[in-house]
Amino acid sequence: MKRIVILISGRGSNMEAIVRAQIPGAQVQAVISNRPDAKGLEIARSFGIAAVALDHKAYAGRDEFDAALAAEIDRFSPDLLVLAGYMRILSDGFVRHYAGRMLNIHPSLLPCFTGLHTHRRAIEAGVKVAGTTVHFVIPELDAGPIVIQAVVPVLPGDDEDSLAARVLKQEHRIYPQAVRWFVEDRLVIENGRVTVRDAQAGSEGWSVPPVED
Ligand code: NHR
Ligand code: GAR
């Protein structure tokens, strides 16, 4: 059984999608938020999952907070650490500790639009497609090996909220898929690139066509 710990900062809809996927061979052991008021903590509790708040504001700095966070995470001995709307940059030492076993979902087609306010910047740039990326986490922000992406159209009249909602639907599809592959030991990282072992033709290593609402 692979043990999963999920880090959130807010709503927790990606966390919920992963929990609801009931991935064979995987169990979500704990959900941890750096924001005590995160809605996702209540959702986790409603599933009977340990839900822990660790307020970053109570620590002197990033390194102190990340050390406390790692100690809390490691109480649950995770095989996989999942960032799901986790909004704090993680220190190099923390990332190294979970090298090869930490995934993040970012709401853009990386390497475009790393960092914050992704949807606003995509609309401002006038791009015609947007999307989302699941990647392994490395110290450099949003730059780790890419596992899976999904594409959506940017439609005339879109604003940040309408684009974010279209992208989020795809996040809920691809994040459980990426976690499933990890749990099945099928993700191989080589030269900074990921391949999915034993991929079914047409279903993996995707170039996903733009998806309608
Ligand atoms: N840490 C490392 N080292 N590498 C990554 O790829 C990371 C990471 C931590 C979080 C998620 C993320 C994203 O997908 C993520 C990826 C927060 C910020 C940020 O600037 C940037 C990227 C991501 C999450 N956060 C501010 C900070 O000072 C705080 C913003 C806030 O609290 O609202 O940490 O894009
Ligand atoms: C998601 O869209 C996720 O991709 C994004 O925040 C949202 C969290 O929603 N992450 C980032 O922007 C990371 N910088 P959720 O809490 O409902 O999963």
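Quick notes
- Excluding ligands, DNA and RNA, the accessible surface per residue across region 1-130 is 48 Å² with a 1.4 Å probe.
- Candidate residues VAL127, VAL167: accessible-area rank, largest first, probe 1.4 Å: VAL127, VAL167
- Listed residues PRO176, PRO111, PRO156, most fluctuating in the chain (Gaussian network, C-alpha, under 10 Å): PRO156
- Region 124-129 - phi-based ³J(HN,Hα) in whole Hz, Karplus 6.51/-1.76/1.60, Gly and Pro as x: 4, 6, x, 5, 9, 10
- Whichever lysines have a C-alpha closer than 28 Å to that of LYS39, once near sequence neighbours (fewer than 8 apart) are set aside: LYS2, LYS57, LYS169
- Cα convex hull of region 1-115 - mean projected area over all directions, nm²: 7.3 nm²
- Taking only the Cα atoms of the chain, the radius of gyration and Dmax are 16.7, 51 Å.
- Spatial separation of Cα centroids for region 4-28 and region 37-111, in angstrom: 12 Å
- Selection among LEU163, LEU110, GLN149 by position relative to the dipole of the chain gives GLN149 as farthest towards the positive end (Cβ unit charges, Cα centre).
- Given +1 at the Cβ of Lys and Arg, -1 at the Cβ of Asp and Glu and no other charges, the dipole of region 61-123 around its Cα centre is 360 debye to the nearest 20.
- Nearest-10 value in Å² for the accessible area of LYS169, using the 1.4 Å probe: 110 Å²
- Helix 160-183 and the longest principal axis of the Cα set of the chain meet at an angle near 60°.
The values are calculated or read from the model by the stated rules, or taken from the named source; none is laboratory data. Computed from a predicted model, the values in this text were never measured in an experiment. Glycine gets a Cβ as well: all are built from the backbone with ideal geometry, and neighbour counts include every protein chain shown. SASA here: full protein model, heavy atoms, side chains in, ligands and nucleic acids out. Shrake-Rupley method; radii C 1.70, N 1.55, O 1.52, S 1.80 Å.
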